[in-house]
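Read the figures in this text as sums done on the coordinates, not as results from a lab. Quick caveat, the model's predicted, so the values are computed rather than measured. FYI the Cβ positions are ideal-geometry reconstructions off the backbone, even for glycines, and counts take in every protein chain you see.
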Amino acid sequence: MNTSRQSVYYYLTCGSLIALIVLLILWETMLAPLRPGGSWMVLKVIPILIPLRGILKKQIYTMQWSSMLILLYFTEGVVRVYSDKAWLSSVLAGLEVALTILFFFSSIFYLKPHKKAAKAARAIAQDQLKAE
């Protein structure tokens, strides 16, 4: 396992998640809220806050399920890129899409060696059971 490459993937995962959280908060409170003065849409940041602690602690299981959760934000971003009429809102939605793609792939690449190691350990355990 190339630890420097793994570190890059880890930092990209953390950075993109934190950037997405900041983007969502700023978007719905100040930059381009649905209603002037901010909107309740800022609450959409709550689900993505849940895995933050586990990801910062490098918890494998948290990274696995959060890579699926992030696809909801990807979907929202794609829909808003094409449906929002305001230019700034469309740009922010495009940024949301980019951050979710970065998070998804960096977390997948970070997890890849861990998945290989787990698969190898399972194969060894099965071989030992067969030998007994």
Equivalent ellipsoid semi-axes, the chain, via Cα gyration tensor eigenvalues times 5, rooted, Å: 37, 13, 13
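For a quick protection proxy, order the peptides 113-125, 10-22, 32-44 by their average other-Cβ count within 10 Å, most packed first.
Numbers: 113-125: 11.2, 10-22: 17.9, 32-44: 12.8.
Per-residue mean Cβ counts within 10 Å order the peptides as 10-22, 32-44, 113-125.
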Extension reserve of the residue 131-residue 34 stretch, reckoned as 0.36 nm per residue once the Cα distance is removed: 28.5 nm
Separation in nanometres of the label points that stand 7 Å from Cα toward Cβ, at residue 22 and residue 79: 2.7 nm
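When the helices in the chain are scored as -39500 (n - 2.57) per DSSP H run of 4 or longer and the sum is shared across all residues, what 222 nm value do you end up with, to the nearest 500 deg cm²/dmol?
It comes out at -26500 deg cm²/dmol, rounded to the nearest 500.
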Angle between the chain longest axis and helix 60-83 axis [Cα atoms, degrees, rounded to 10]: 30 degrees
Only Lys, Arg (+1) and Asp, Glu (-1) charged, at Cβ; the chain dipole about Cα centre in debye: 380 debye
The stretch 111-126 - phi-based ³J(HN,Hα) in whole Hz, Karplus 6.51/-1.76/1.60, Gly and Pro as x: 7, 3, x, 5, 5, 5, 5, 5, 5, 5, 5, 5, 5, 5, 5, 5
